[in-house]
1. Nearest 0.05, what FRET efficiency do residue 118 and residue 89 give at R0 = 22 Å with Cβ-Cβ as r?
2. Express in nm, to one decimal, how much length is gained between residue 342 and residue 7 on full extension, taking 0.36 nm for each residue of separation and deducting their alpha carbon distance.
3. Can you give the FRET efficiency to the nearest 0.05 for residue 387 and residue 220, using r as the Cβ-Cβ distance and R₀ = 30 Å?
4. Run the numbers for residue 174 and residue 137: contour at 0.36 nm per residue of separation, minus the present Cα-Cα distance, in nm.
5. Tell me whether region 39-200 comes out rounded, prolate or oblate; compute the Cα gyration tensor, take square roots of the eigenvalues as a ≥ b ≥ c, and use a/c under 1.5 as the rounded threshold.
6. Could you calculate the FRET efficiency of residue 247 with residue 164 from 1/(1 + (r/R0)^6), where r is the beta carbon distance between them and R0 is 60 Å, rounded to 0.05?
7. Spin-label point model (7 Å from Cα, Cβ direction): what's the residue 231 to residue 32 distance in nm?
8. Among rounded, prolate and oblate, which fits region 291-372 when a ≥ b ≥ c are the square roots of the eigenvalues of its C-alpha gyration tensor, a/c under 1.5 means rounded, and a/b larger than b/c means prolate?
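All of the numbers you see were taken from the coordinates with simple rules; none came from a lab. Please read all numbers here as calculations on a predicted model, not as lab measurements. Here the Cβ positions follow ideal geometry from the backbone for every residue, glycine too, while neighbour counts run over all protein chains shown.
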């Protein structure tokens, strides 16, 4: 830090020169034993976005000149923009032309960047990117064992061997000695010390950005919002503390209503058909998958708030509309198994006439939220996780989206 100016420290090493790191007070401390791995800043935004993606552009400038390099980068952008619509695959209609990159943008670019640069850069450079992506996706797994750790070491060795192309091509003429990339060497030992790094962040404010900043901002009037956001956070903290106190005194046990007050039960046929929200409470369709706070349950599936339009409401007519003539039979047999789980014969072994008959109206929903117990770092302390499952003929006006789901048919059978 004493031999470089502030601009060089930031451009070459990602170090803010006018701020003294807290580690300077611990001259003999090993930073990689003090802090857990930071996937977002060390790997995704650091090594991938700030280093490798930038180095590819610099390589094209060195080899082809500014004019030809701009033409090649335009073709790379066209390839990125040509990515088809697919679940969990981000589209970039204008390529990489972002003024402000977020961590989610970098994660999405990682999925499509490798084929976009193939043919424009040397094979060794493509292999370096491929090895790094292997390393990145391995360390982001929720569960890591010795076999995975060996695969991580192998991917890192391949990356170190192939990234030498950036030194030979003149992109990094003084070698590659960067804090972000150096930290990759310590990931195996840090994983063994701290556990799976997925979901970890070295900054509390970073990990609480959504709860402490984004959500209070949405609740504000967006004018002089800082005071409103602080007040919102203060009140939420008090509510959370009150809930802990109430739970400790068993004030939340049992129903909220007094024993002499009985909740009103409305018959199903009294609920208006155009208000499916009364029957199906679920998060909004655009809610992200992720952690669910609250008590542990084994599993729960909740339909979307709004039913799909333009479908027949009678089972026979619906079967014709979706071109599944056996739908009435399959639904009746399914209901038999659900209503009589202890029957000596399953629904497939009895005559159809003994299965329940459906006389009511049928509604179609294109998505549902599955909540289940999956203890891991991303699932939070409670271990509850949620995922939205979609099966829609037109996803965001582009193409059908039909998510894949693993369904358990017999828990006693081995394997999947």
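1. The calculated FRET efficiency here is 0.80.
2. Working it through step by step, the gained length comes to 113.3 nm.
3. My answer for the efficiency is 0.50.
4. Contour length minus the Cα-Cα distance gives 10.4 nm.
5. Oblate.
6. According to the calculation, E is roughly 0.55.
7. 5.0
8. Taking the square roots of the gyration eigenvalues as a ≥ b ≥ c, region 291-372 is oblate.
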